[in-house]
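For reference, the structure is listed below as structure tokens.
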Amino acid sequence: MLGPVILAASRSDRMRRLVSAAPVTKQVVDRFIPGETVDDVVPIIEGLTGRGLELTMDVVGEDITTPGQATAARDAYLRLIDRIKDLRLGPKVEMSVKLSMFGQALENGHELALANVRPVVEAAAAIGTTVTLDAEDHTTLDSMFAIHEELRKDFPQTGCVIQAYLFRTEADARRLAANGSRVRLVKGAYKEPAEVAYQNKHEIDKAYVRILRILMEGDGYPMIGSHDPRIISIAQELARKAGRKLDEYEFQMLYGIRSDEHLRLAAEGHRMRVYTAYGTDWYGYFMRRLAEKPANLRFFVRSMAGKG
């Protein structure tokens, strides 16, 4: 029940100031966001890949208001790619991007976002890896899918994210699976109205399994974005029934959540990719992590109470 409240708080400037000013906040944020700069995260990349894990890197930040900020977001990703080039990890380290960071919500935002994200996709391809377009609220998705389709003409490994709680997603999954896309399936972490999205956890879970079956039986590459043990077990069974080998799908989980499970799946031979965010504009990302799982919120509250 607190999820929608926290999601609303993620858009509140007043709550941003209060949370950011709390002395304990940095300690808790560090659980989910391991650094603010490329220098901070390079040792994380080396450490996780050295343990058999793969990564997708997210430079946090969404609510940009000027074309200059969109250009700065593009350049931040280009600096990241340039820095990890020498690590020679290829597809073990990909990028995740939110098109809102690249100017999608500004005037002529669709064209601006495409123009800004293309150099990032090109640079990623040049070092042997790729980019996945993160899903945001439902009003942005038609633009995101159109940009995804355009980028795949030259860079077919470009991925995208779909969200199980949206009514439209089963149809999106069928289309994407049929054309061989890389697709990350998540439950969804934005506050969406009842007109477009399931509101009940049980209904969302059922939709997730239906959509996952579509992806596993299709021609694309499924990426299972979930920490739910039941979903992970179901995914393994659906993959087996679909005749998929271990390298024909992957699991993805967030940095700082169920880290032992990351290592367990990798040890079993699964591709296990850790979604790793970094940067200074962490507030919106952090609040959605709290909203997604009650345990994350309890961890934050206990930490604040302890410091108090």
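We did not get these values from a lab; they are worked out from the coordinates using the rules stated. Predicted, not measured: the structure shown is a model, and the values here were computed from it. Every residue, glycine among them, receives a Cβ derived from its backbone with ideal geometry; neighbour counts consider all protein chains shown.
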**Report entry** Alpha-carbon centroid distance for the pair the range 78-136 / the range 229-266, whole angstrom
**Finding:** 25
Requested in this report: Mind grabbing the base-10 log of I(q)/I(0) for the range 164-281 at q = 0.11, 0.12, 0.19 Å⁻¹? Debye formula, identical points on the C-alpha positions, no solvent, two decimal places.
Outcome: -0.37, -0.44, -1.05
Query raised in the report: Rounded to the nearest 20 Debye, what is the dipole magnitude of the range 17-163 about its Cα centre when Lys and Arg each give +1 and Asp and Glu each give -1 at the C-beta?
Result: 400
Report task. Taking amide H positions as placed in the peptide plane 1.01 Å from N, state which residues far from Glu54 in sequence (5 or more) or on other chains have amide H under 5 Å from it. Result -> Met272, Arg273, Val274
Requested in this report: For the range 54-118, state which trypsin sites (Lys or Arg not before Pro) are in a DSSP loop and have at most 13 other beta carbons lying within 10 Å of their beta carbon.
Outcome: Arg88
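Within the range 99-146, list the GluC sites (Glu not before Pro) lying in a DSSP loop whose Cβ has at most 11 other Cβ atoms in a 10 Å radius. If you can, show how the numbers build up before the last one.
Values: sites: Glu107, Glu111, Glu122, Glu136; in loops: Glu107, Glu136.
Counting only loop positions with at most 11 other Cβ atoms within 10 Å, the GluC sites (Glu not before Pro) in the range 99-146 are Glu107.
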**Report entry** Magnitude of the charge dipole, the range 70-145, Cβ model with Lys/Arg +1 and Asp/Glu -1, debye to 20
**Finding:** 460
Query raised in the report: Any idea how far apart Glu195 and Glu261 come out in nm if each label point goes 7 Å out from Cα toward Cβ?
Result: 3.5
Query - Given Lys92/Lys201; Lys98/Lys201; Lys98/Lys153; Lys98/Lys241; Lys85/Lys241; Lys98/Lys206, the pairs whose alpha carbons are separated by over 30 Å - result: Lys92/Lys201; Lys98/Lys241; Lys85/Lys241
**Report entry** Amide H within-cut-off set for Gly180, under 5 Å, with H built and near neighbours excluded
**Finding:** Asp219, Gly220
Requested in this report: Give, to the nearest whole percent, the P(r) tail of the range 61-213 beyond 27 angstrom, counting all Cα pairs.
Outcome: 25
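Which shape class, rounded, prolate or oblate, goes with the range 235-283 when its Cα gyration tensor gives a ≥ b ≥ c as root eigenvalues, a/c under 1.5 marks rounded, and past that a/b bigger than b/c marks prolate?
Because a/c hits 1.5 or more and a/b exceeds b/c, the range 235-283 counts as prolate.
Using the beta-carbon distance between Arg79 and Asp137 and R0 = 41 Å, what value does 1/(1 + (r/R0)^6) give for FRET efficiency, to the nearest 0.05? Could you put the intermediate results ahead of the total?
Values: r = 28 Å, r/R0 = 0.68.
The value I calculate is 0.90.
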